[in-house]
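The values are calculated or read from the model by the stated rules, or taken from the named source; none is laboratory data. Since this is a predicted model, take the numbers as computed values, not measurements. Reconstructed Cβ throughout: ideal geometry from the backbone, glycine too, with neighbour counts over all protein chains shown. Heads up: the accessible areas ignore ligands, DNA and RNA and are worked out on the full protein's heavy atoms, side chains in. Shrake-Rupley method; radii C 1.70, N 1.55, O 1.52, S 1.80 Å.
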Amino acid sequence: MNMKKDIILSGVGGQGILSIATVIGKAALEDNLHLKQAEVHGMSQRGGDVQSNLRLSTEPIFSDLIPKGECDLILSLEPMEALRYLPWLSPEGWVVTNSAPFVNIPDYPPVEEVLEELRVVKNVVVLDCDAAARSAGSPRGANMILLGAAATALSDILDPKKLKDGIAAVFSRKGSAVVEANLAAFEAGFELSKK
Amino acid sequence: MTEKHLLLGDEALALGALHAGLSGVYAYPGTPSTEITEFIQNHPLTLERGIHSDWCANEKTAMEAALGVSYAGKRALVCMKHVGMNVCADAFVNSAVTGANGGLVIAACDDPSQHSSQNEQDSRFYADFAMMPCFEPSNQQEAYDMTREAFEYSEANHIPVLVRLTTRMAHSRAEVRTIEGGPICQNEMHFPSEDRARFWVTLPGISKVRIKELAEDQYKFRRDSEESADNLLVDGPDHSLGIVTCGIAFNYLMENFPSGCPYPVLKVTRYPFPVALLKKMTASCGTILVVEEGQPLIEERLRGLLYDEFKGNGFVRVKGRLDGTLPRTGELNPDLLRAALGMEPLQVFQAAKTTVPRPPALCQGCGHRDFYTALNNVLRKYEGSRVFGDIGCYTLGYMPPFHAIHSCVEMGASLTMAIGAANSGVWPSVGVIGDSTFTHSGMTGLLDAVNSGADITLCISDNLTTGMTGGQDSAGTGKLEAICEAIGVAPEHIRTIIPLPKNYPEMERVIEEEINYHGVSVVVCRRECIQTAKRHAASAKAK
């Protein structure tokens, strides 16, 4: 059966969206899915808004960029950065986002207004990944909390187990403690998203 | 044996070069090209075969060194961002005149929409006027395959080949199948053959002969383009429109037609432009849409100069960036193609109301911040002062809260513009340049300043790295004061300060003294980039 999943990963430069992309990419490649992943390098990484377009499909993929209205999942480490990509979201698409704002600009809008506007989306999961990472004992694991929280939305194309294998493969060179911490964060995010 | 990798377009190109038997990569970092060289630097084959991969001082020295490799009969790759082509243009254009001996490939990464650049110039124009073939892969697999092909073609035809990528290809990952087990060993050193050796001396009497040959070669290059599988004409049932796509524009078109495009499509990934294939298309299509990721090079040719005057060129209607079917500037995407083809947009959600822009900024704790604070405090005392900035992270000193620079043009323009402004009566006339930019293109300007006794103050904000592109080695590290002294700046007017808040009083005193000196002075403001400092601390801890 033909199946595709178009994902926009978003956040602020330095938050670690690329490691989420690397884990999904690793899992997808092992699963023999086609994949394209457009990243942002260079000047914008200096605290600006960053995004990565990640496309998975059972069929060959043409464009590196996701068309507007076609995105199946916005996965964001920052709530306002999730909203930035609304024009790309499909009507049935999911938004899974961290609720903790990253305020490095003087005119950041009131966070409750940001969270309120996210409600225009039918399928939305908002959780405080920063706090969840701290209580999971992995303070730098907010990105893996987020990935865990998105595992359900991804499950029709990627088995959550494959994502865990991906985490193990990607972090293995940093030692087993780092792998365990990231897996724990993933599990914690997965459980939280079910609540 | 084939192997599957997940690679950036940059990395696919790099691996293609390695598998083609590369002897050396020569480059200066620049987004979106940096990862080509970094991939080669970190690849096990590089160490194993002793492949040269150190960074060069600038794109011109890189291009010239690579030409030397080619002269010696070996294969070389030169990499740069599009504006680097301007820096190496003299060497690049004349490398078509000398021709190549060992395979010589130049990789230029263009940045339409200017994600990290001061303009969006299209490197295909350089290949065109240098009369050099240009390959423009449309996906990561082609980036690998066509780079290998480019080395073969370069050697067989005694001509360097330009490979052009754009940001979305350079920085997007996809699966690439590579071919191991081919002739991937380094080729042997061999000098140019007897009949071609003289072409390496471009005295007019000799190069006239060569340029005639090069002009003749254009027919062969074009025929090769037309016959190559890299350029493909695919028919469709609806001949009311024919579509020409260049490079990755093909993907944006096909994204809208998952089960095949109804119109004939000419997919171009190789130049000189395959005119014979276009003729086949225009035999049945009266309207041609040209889709180019970059400037309208082919579209302009197709229209001709008098197109608007005569309401057409008499044989075909041309649509594209020049008639508003597509935007005149900026990168393409699937949505722009939909609109150009009159298809309904897919978008359902409007842009959110509560989002605000989040521009990049200097990192918290960055030495450039402390330098600008001190400089601003001093210059507040002088009316009419001007600060000429340069290319690097520190260009962000233009942004609030600093508003510290008045210009930024291209690599090295800070101090030379400061000279011109000082000559015109501006005082204080201050240049601000980074350490890597200074050794890239600032040293010759400093010699001008010394020789003319210009009344300028040059501040070198030295973070011991090439910061903006991710922390590559900087050519002048540990040598800046010695370089300035050797160029002729008086030693007592070469001052070094450490940019930290606790040092503001001393920093301000030194900057003020050197501004008040009516001659050339250099203030080196030195503290390691906090990004590389963090990395160094982490790797020291790991050991």
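Assorted remarks:
- Counted charge near B:Ala352, where neighbours are those whose Cβ lies closer than 12 Å (Asp, Glu -1; Lys, Arg +1): -1
- Interface residues of segment B:355-378, defined as those losing at least 30 Å² of solvent-accessible heavy-atom surface relative to the isolated chain (probe radius 1.4 Å), are listed as B:Thr355, B:Val356, B:Arg358, B:Pro360.
- Here the calculated FRET efficiency for A:Lys195 and B:Arg380, from their Cβ-Cβ distance with R0 = 41 Å, stands at 0.15, rounded to the nearest 0.05.
- Our coupling estimate for segment B:477-487, obtained by passing each phi through the Karplus curve with A = 6.51, B = -1.76, C = 1.60 and θ = phi - 60°, is 4, x, 10, 4, 4, 5, 5, 5, 5, 5, 6 Hz, Gly and Pro reported as x.
- Distance from the C-alpha centroid of segment B:9-45 to that of segment A:111-147: 38 Å, rounded to the whole angstrom.
- Against chain B, whose longest principal axis comes from its Cα atoms, helix B:89-98 is set at around 50 degrees.
- With every protein chain in place and a 1.4 angstrom probe, the accessible-area ranking of B:Asp462, B:Asp235, B:Asp217, largest first, reads B:Asp235, B:Asp217, B:Asp462.
- FRET efficiency for B:His239 and B:Gln218, using Cβ-Cβ distance with R0 set to 30 Å, rounded to 0.05: 0.50
- For B:His158, the accessible area of its heavy atoms, probed at 1.4 Å with every protein chain present, is near 60 square angstrom.
- Heavy-atom accessible area order for B:Trp427, B:Trp200, largest first, 1.4 Å probe: B:Trp427, B:Trp200
- Surface composition of chain A: carbon and sulfur atoms hold 53% of the protein heavy-atom accessible area at a 1.4 Å probe.
- Between helix B:140-157 and chain B: long-axis angle, C-alpha atoms, 0 to 90°, nearest 10: 90 degrees
- Normalised contact order of chain A, rounded percent, pairs of Cα under 8 Å and 6 or more residues apart: 21 percent
- Chain A: DSSP helices with Cα axial extent of at least 15 Å and average Kyte-Doolittle hydropathy no lower than 1.6: A:142-154
- Residues with amide H under 5 Å from that of B:Leu289, placed H, sequence gap 5 or more: B:Gly242, B:Ile243, B:Val244, B:Lys319
- Accessible area of B:Tyr126 in the full protein assembly, 1.4 Å probe (Å², nearest 10): 40 Å²
- Protein-protein interface of segment B:108-133, residues with accessible area decrease of at least 10 Å², isolated chain reference, 1.4 Å probe: B:His115, B:Ser116
- Under 5 Å between amide hydrogens, built in the peptide plane, is the criterion, and for B:Arg270 it picks out B:Glu136 among residues at least 5 positions away or on other chains.
- Residue-level accessible surface for B:Val209, protein heavy atoms, 1.4 Å, Å²: 70 Å²
- Pairwise Cα distances in the protein assembly as shown exceed 49 Å for 19 percent of all pairs.
- Note, ³J(HN,Hα) from phi for segment B:56-73, Karplus 6.51, -1.76, 1.60, rounded to Hz, x at Gly and Pro: 9, 5, 7, 6, 6, 5, 5, 4, 5, 4, 5, 5, x, 4, 4, 4, 6, x
- Here chain B has 56 percent of its accessible surface on carbon and sulfur atoms, given a 1.4 Å probe and all protein chains in place.
- Distance between segment B:325-395 and segment B:471-508 - C-alpha centres, whole angstrom: 30 Å
- Gyration tensor verdict on segment B:367-533 (Cα atoms; rounded if a/c is under 1.5, prolate if a/b is larger than b/c, oblate otherwise): rounded
- Extension gain for B:Tyr504-B:Ala57 works out to 157.7 nm (0.36 nm per residue, less the C-alpha to C-alpha distance).
- Accessible surface ranking that places the most exposed of B:Glu331, B:Glu506 first, with a 1.4 angstrom probe: B:Glu506, B:Glu331
- Cβ charges +1 (Lys, Arg) and -1 (Asp, Glu), total dipole of segment B:232-340, debye: 280 debye
- Ellipticity at 222 nm from helices only: DSSP H runs of n ≥ 4 in the protein assembly as shown, each -39500 (n - 2.57), divided by the residue count, give -11500 deg cm²/dmol.
- Using a cut-off of 30 Å between Cα atoms, the listed pairs A:Lys4/A:Lys122; A:Lys4/A:Lys164; B:Lys4/B:Lys279; A:Lys122/A:Lys164; A:Lys122/B:Lys319 include B:Lys4/B:Lys279; A:Lys122/B:Lys319 as exceeding that distance.
- Interface burial in segment A:13-55, defined as at least 40 Å² less accessible area with all protein chains than with the chain alone at a 1.4 Å probe, covers A:Leu29, A:Leu35, A:Lys36, A:Gln37, A:Glu39, A:His41, A:Met43, A:Arg46.
- Relative to the dominant Cα principal axis of chain B, helix B:204-227 is inclined by about 50°.
- Summarising the strand pairing of segment B:367-533, around 5 percent of its internal DSSP beta bridges are antiparallel.
- Per residue, in Å², the accessible surface of chain B once ligands and nucleic acids are set aside, probe 1.4 Å: 40 Å²
- Interface A:B - total buried accessible surface [probe 1.4 Å, Å², rounded to 100]: 4200 Å²
- The packing ranking, built from the mean of other Cβ atoms within 10 Å per residue, places the peptides B:162-175, A:144-157 in the order B:162-175, A:144-157, highest first.
- Interchain or long-range residues, amide H under 5 Å from A:Asp128's placed H: A:Ser99
- Inter-centroid distance (Cα atoms) of segment A:150-184 relative to segment B:199-225, Å: 57 Å
- Coarse-grained scattering of chain B at q = 0.08, 0.09, 0.12 Å⁻¹, given as base-10 log I(q)/I(0) from a Debye sum over alpha-carbon atoms: -0.61, -0.76, -1.19
- Anisotropy class of chain A from Cα gyration tensor, a/c 1.5 cut: rounded
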